[in-house]
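K.L.:
Handing you a structure now.
A short reminder: the numbers here are calculations on the coordinates, not readings from a lab. What you see is a predicted model, and the numbers here were worked out from it, not measured in a lab. Because the Cβ atoms are built from the backbone with ideal geometry, glycine has one as well, and the counts that use them run over all protein chains shown.
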Amino acid sequence: MQSGETVKSRVTPDWVVEVISKSTQKIDYGLKLFLYREAGVREYWIINPANRTVMVYVFESGREDADLYSFDDAVPCRVFPGLVIRLSDRL
């Protein structure tokens, strides 16, 4: 590498969590869902405070699993085994 050159690399997170609002929900449930899946994100959570729900998408082995949870549910994170979050305990 020459002096002054920059190296660009792309790092994809395993887990993405988004808190949506009315103005961003179409982007979060549509475009971002597609982009994260294509980029190699393994798990994507969409937290909807207005509905008090968490939509969890897991992308593994060419499959997409989706589960809907309420804020009162214990939501397991598949990327980090043993991590369980109950949003009602946090808010």
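K.L.:
Rounded to whole Hz and in sequence order, give me ³J(HN,Hα) for segment 49-54 from the Karplus expression 6.51 cos²θ - 1.76 cosθ + 1.60, θ = phi - 60°, writing x for Gly and Pro.
P.N.:
Each residue of segment 49-54 in turn: x, 5, 9, 6, 10, 10 Hz.
K.L.:
If you don't mind, another one. Do any trypsin sites (Lys or Arg not before Pro) in segment 19-89 lie in a loop, going by DSSP, with at most 10 other beta-carbon atoms within 10 Å of their beta carbon, and if so which?
P.N.:
In loop regions of segment 19-89 (DSSP not H, G, I, E or B), the sparsely surrounded trypsin sites (Lys or Arg not before Pro) are Lys22.
K.L.:
Less than 13 Å Cβ to Cβ from Ser88, Lys/Arg counted +1 and Asp/Glu -1: what total charge do the surrounding residues give?
P.N.:
Values: positive: Arg52, Arg86, Arg90; negative: Asp72, Asp73, Asp89.
Surrounding charge for Ser88 is 0.
K.L.:
Based on alpha-carbon positions alone, could you give the equivalent ellipsoid semi-axes of the chain from the gyration tensor, as √(5λ), descending, whole Å?
P.N.:
Ellipsoid semi-axes (Å, largest first): 28, 16, 14.
K.L.:
222 nm [θ] for the chain, helices only, -39500 (n - 2.57) per DSSP H run of 4+, per residue, to 500? Don't skip to the answer; put the middle values down first.
P.N.:
Values: 2 runs with 12 residues, N = 91.
That calculation yields -3000 deg cm²/dmol at 222 nm.
K.L.:
A follow-up question, please. How large is the charge dipole for the chain, taken about the Cα centre, if only the Cβ atoms of Lys, Arg (+1) and Asp, Glu (-1) carry charge, to the nearest 20 debye?
P.N.:
240
K.L.:
Let me ask something additional. Hey, with R₀ at 25 Å, roughly what FRET efficiency would Thr53 and Arg90 work out to, going by the Cβ-Cβ distance, to 0.05?
P.N.:
Between Thr53 and Arg90 the formula returns 0.95.
K.L.:
At a threshold of 8 angstrom on Cα-Cα distance, excluding pairs fewer than six apart, so keeping six or more, what relative contact order does the chain reach in percent?
P.N.:
Answer for the chain is 20 percent.
K.L.:
At a Förster distance of 25 Å, what's the computed FRET efficiency of Ser61 paired with Thr6, Cβ-Cβ distance as r, to 0.05?
P.N.:
0.10
K.L.:
Out of all DSSP beta bridges with both ends in segment 15-90, state the antiparallel percent to the nearest 5. Intermediate results must be reported in sequence, preceding the final value.
P.N.:
Details: 16 of 21 bridges.
If we restrict to bridges inside segment 15-90, about 75 percent are antiparallel.
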